[in-house]
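Undergrad: Submitted below is the structure of interest, expressed as structure tokens.
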Amino acid sequence: MTKRYTGGCACGAIRYETSGEPIFQNHCQCSDCQKRSGTGHGSYLTFGQRADMAITGEVSTWRVASASGNEKIHTFCPTCGTPVFLISVAMPELIAVHAASLDDPEQFNPQMVTYTSHGHAWDKMDPALQAVERMPGGSVR
């Protein structure tokens, strides 16, 4: 049986679905993710083939340079403001969805905490997860 990942924004105007498996799942403590989430980190599932992700609804976007200098395109619902996914201009085949946007957030299985150098003492992460000060080479953020 093929596992499906489905999700979308809070109001339902944006939906996504894929049967692809995530290639990377992480908590990111960079300052951009903190500001965007309104808390100490963002949590993401990155999929290797954006073309395999069916997306319905019209998203709004904004662009920002990541800590690595790569430009990221963030999407959000223009109605409810929910962040839904992001892509990297340098690696446009990848797509990262926000873990909390999943219909079943229990599908999120973090492998790593990235940008721990920006983390806050009050944002406690699972000590069993690998933690790195920056993003490993080749990832979206």
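The values are calculated or read from the model by the stated rules, or taken from the named source; none is laboratory data. This one's a predicted model, so the numbers in the text were calculated from it and none came from an experiment. All Cβ positions, even for glycine, are placed from backbone atoms using ideal geometry, and neighbour counts span all protein chains on display. For accessibility, only protein heavy atoms count, side chains too; no ligands or nucleic acids. Shrake-Rupley method; radii C 1.70, N 1.55, O 1.52, S 1.80 Å.
Undergrad: Of the residues in the stretch 91-106, how many are open to solvent by less than 10 Å² (accessible area, probe 1.4 Å) and modelled with pLDDT under 95?
TA: So the answer is 0.
Undergrad: Among the residues of the stretch 76-113, count how many are part of a loop (DSSP other than H, G, I, E, B), farther than 17 Å from residue 28 by Cβ, out of contact with any Ser or Thr (no Cβ under 7 Å at 6 or more places or on another chain) and polar (S, T, N, Q).
TA: Of the residues in the stretch 76-113, 1 are part of a loop (DSSP other than H, G, I, E, B), farther than 17 Å from residue 28 by Cβ, out of contact with any Ser or Thr (no Cβ under 7 Å at 6 or more places or on another chain) and polar (S, T, N, Q).
Undergrad: Same structure, new question: Exactly one condition in (1) under 14 Å from the mean Cα position of the chain (by Cα); (2) open to solvent by 30 Å² or more (accessible area, probe 1.4 Å) is false for residue 8; which is it?
TA: Of (1) under 14 Å from the mean Cα position of the chain (by Cα); (2) open to solvent by 30 Å² or more (accessible area, probe 1.4 Å), only one is false for residue 8: (2).
Undergrad: Something else about it: Any idea which residue in the stretch 23-69 is least open to solvent (accessible area, probe 1.4 Å), counting only those that are among the acidic types (Asp, Glu) and in a helix (DSSP H, G or I)?
TA: For the stretch 23-69, the residue satisfying everything is 32.
Undergrad: Of everything in the stretch 1-33 that's at pLDDT 95 or above and among the small types (Gly, Ala, Ser), which residue is farthest from residue 56 (Cα to Cα)?
TA: Among them, the one singled out is 10.
Undergrad: Would you call residue 58 closer than 28 Å to residue 131 by Cβ, out of contact with any Gly (no Cβ under 6 Å at 6 or more places or on another chain) and among the acidic types (Asp, Glu)?
TA: no
Undergrad: Condition check: closer than 18 Å to residue 24 by Cβ, touching a residue at least 40 places away in the same chain (Cβ under 8 Å) and out of contact with any helix residue (DSSP H, G or I) (no Cβ under 8 Å at 6 or more places or on another chain). Does residue 56 satisfy that?
TA: So residue 56 fails the test.
Undergrad: May I ask you to list the residues in the stretch 118-135 that are open to solvent by less than 70 Å² (accessible area, probe 1.4 Å) and either within 30 Å of residue 17 (Cβ to Cβ) or in a helix (DSSP H, G or I) (or both)?
TA: 125, 129, 135
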